[in-house]
1. How many of the residues in region A:83-119 are outside any loop (DSSP other than H, G, I, E, B) and either more than 9 Å from every other protein chain (Cβ to nearest Cβ) or under 11 Å from A:L138 (Cβ atoms) (or both)?
2. Does B:G354 fit the bill of being modelled with pLDDT of 85 or more and closer than 18 Å to B:V403 by Cβ?
3. I'm trying to understand the selection: among the residues of region A:101-115, which are touching a Leu at 6+ places or on another chain (Cβ under 6 Å) and surrounded by 15 or more Cβ atoms within 10 Å (Cβ to Cβ)?
4. Scan region A:72-84 and give yes if some residue there is under 21 Å from the mean Cα position of the chain (by Cα), surrounded by fewer than 21 Cβ atoms within 10 Å (Cβ to Cβ) and not charged (D, E, K, R), otherwise no.
5. Output the residue which, of all residues in region B:284-307 that are within 29 Å of B:V27 (Cα to Cα) and more than 37 Å from the chain's Cα centre (by Cα), is surrounded by the fewest Cβ atoms within 10 Å (Cβ to Cβ).
6. Going through region B:110-140 one residue at a time, which ones are touching a strand residue (DSSP E or B) at 6+ places or on another chain (Cβ under 9 Å) and of a type in the set (A, V, I, L, M, F, W, C)?
7. Scanning for something free of Cβ contacts under 8 Å to residues at least 60 places away in the same chain and under 28 Å from the mean Cα position of the chain (by Cα), does region B:428-444 turn up at least one residue?
Amino acid sequence: MPATLEAHGLTKHYGSQVALRAISFALVSGERVGIVGPNGAGKTTLLSILAGVLAPDAGRLSRPATEIGWVPQQPALYSKLSVAENLRLFARLEKLADPEAAVARMLEQTALSQRADEQVGRLSGGNRQRVNIAIGLLGAPTVLLLDEPSASLDPRQRERLWEFIAMLSAQGTTVVFSTHNVAEVERYATRVLLLADGELLFTGTPAELEVAVGDGGARDFEAKLVSFLHARGH
Amino acid sequence: MRWLLVKDLQILRRSPLLTGLLVVYPVVIALMIGFALSSPPGKPRVAFFDQVPRGHGTIALGGQRVNVGHYAGALLSSVSAIRVSSRAQAIATVRSGQALAAVIIPADLPQQIQSLVTQGIGSPSVEVILNSRDPIERQVVDQAITARLNQVEQSVSKQLLRVAIADLQQVLSGGQVHALGQTVHLLGLRNARAIVAGTLAGLPRGSPLRPALSQVISFADLAIQGLSFASPALGTIGTPLAVHQIQLAGATTPTDAYAAAIAVIVSLMFVGVLLASGLLALVRSENAYARLVRGLVSPGRLLAEKIALSAVCATLVTLVMAALVSLFVSLDWSRLPLWVLSLGVGAIAFAALGVTIGAVAREVSAASLLAFLIALPVAFVALVPANAVSGGLKTVLDVIAFVFPFKASLQAVSNAFSGTAPGAGLPLVHLLALALAFGILARVALVRFAR
């Protein structure tokens, strides 16, 4: 299967601190890739480089950022504008051929049609995140990046979010998400990228990660992962 | 950029308090300035206790009488006088706040003046009582009362001089003197000299009276010469110097137009700086910056959009304000294109300063606070007269006034309002340079936005 996105040797420094060390990987259509790792591992930096928000110090990407959908961790929305107005603004800025059709499609896809005229500032956190994701999907991107998409959601909203992501992936969109929650990676990712201190320690399926991590005498997978990282000096 | 403008206008429309303030504030300021400039200055309320008995306000000078009480009337006409009947009542009136000051004329003031004029003894005085706790108000009232008393003093002096000059003229040339109900003919020095000279001419050559009469004629010549000089000299004592001003800077802006320009520029600054800083900081507060600059809008265009929108709003608001002020103050409407140009360029410079503040502060409330903290001192510094301070402080103030757009905007707009020197060209170039400099600073500061 041809790669939808390839990263080669992505490196990033913040002053003397190394945030990413020559990260390389390739993604294929319909994959759900979970980027996992402790705080400061480089997850947000990696997603920001893939999204075109940050420029890497070295390395390259196979696809321009404008062809990639991006959903930042904090909803990037204008709270004084309505749901439809936010979608329309970004559809126009993305210079979509038919902005109104794109808005209507995203309202329907995210089940926000009933809330189209409501100001975003009055929406719940879950609905705001849906609008946030809808904006990321406006250009019907082949690759969608989500930075900790479930961080501010309650369990019910989280469940709905993962259903939505599963649907996107079933339609062929490559979804890349970062998370602190190892259980989410186990449940929803088809592939895992394990980062620590800017280094890509592992890439493979959740099952392969479980094997790689091993037993280590720990009670659950999260504890095993912590032991795995400790053993490698992270 | 069009869609960003539409979006910002939608946001402003949905912020009625902010938008209302942006419109109402300059209008209210304009009306206040207009009324203040068009209203005549108020007369200070002064309690007045005149202890001089009626009919005893005159002093005798030579053969004439001067009514000192007449000048008290002049003092009363220039203040809002509250007549009181005792010193205690005068003090109570000031203490209660009914009057800002009290003036007490002692009963023997005419005698004091008489003594000074005729014998050179004494120092006539009136009593002024003040009770203001506010130092500025105290200074204003003190200056107002003192200035009016000085006017009265000068009027009395002039009248006394007129009487003295008339008496001198009679000594010199003679005339009629009315005293004790009788008219007396006064010979005068010139006539006396003529009589002596005639007598001298009729005497024989060897007369022993000749040397004595010649001495009298010489003395009379010297006295006539001296007194002839003294009369005009005394006449000029009241106003010894006339001041003729020459403005090297050409015609200056009329005070009213200058005050109007200051009010307009203060509003231009607040609307331009606050709006631009708030609009830019809002982009980050809403987390939208990173989403916008990943290929949708360049940081430079984002800044340009905020500057343009803020400058247009500030220009429109201050044009309305200037139009309202012109109802009260004479502004040159034939220079309207220059009004628009000066306000527009000034607004661009202020908006560029605003986006720099917004980029540094990165948060709406912090940006608004910082904008206020910077704008107010900048305005004060720019309004300090050039020679009010000296040395290093003057240099510092000059530099601050130069690197912020207030002073240049004021120069451009006051010229636009009245067409007086200095011209608007140099300030406009200065403002464009400042706009460019602040734009570059804002672009550099935006690097922190993505973090």
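The values are calculated or read from the model by the stated rules, or taken from the named source; none is laboratory data. Everything numeric in this text was worked out from a predicted model, so none of it was measured. Here Cβ is always computed from backbone atoms with ideal geometry, including for glycine, and neighbour counts include all displayed protein chains.
1. 24
2. Here the answer is yes, as B:G354 does meet what is asked.
3. Hits for region A:101-115 are A:A102, A:V103, A:M106.
4. Checked against the condition, which is being under 21 Å from the mean Cα position of the chain (by Cα), surrounded by fewer than 21 Cβ atoms within 10 Å (Cβ to Cβ) and not charged (D, E, K, R), region A:72-84 yields at least one hit.
5. Out of the qualifying residues, it is B:A304.
6. Residues satisfying the conditions are B:I113, B:V117, B:V126, B:V128, B:I129, B:L130.
7. No, the conditions are met nowhere in region B:428-444.
Listed here are the residues, each with its yes/no results for (1) of a type in the set (S, T, Y); (2) without any contact (Cβ under 8 Å) to a residue 40 or more places away in the chain.
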residue	(1), (2)
B:R301	no, no
B:K306	no, no
B:V312	no, yes
B:A322	no, no
B:V329	no, no
B:P337	no, yes
B:A351	no, no
B:V360	no, no
B:S365	yes, yes
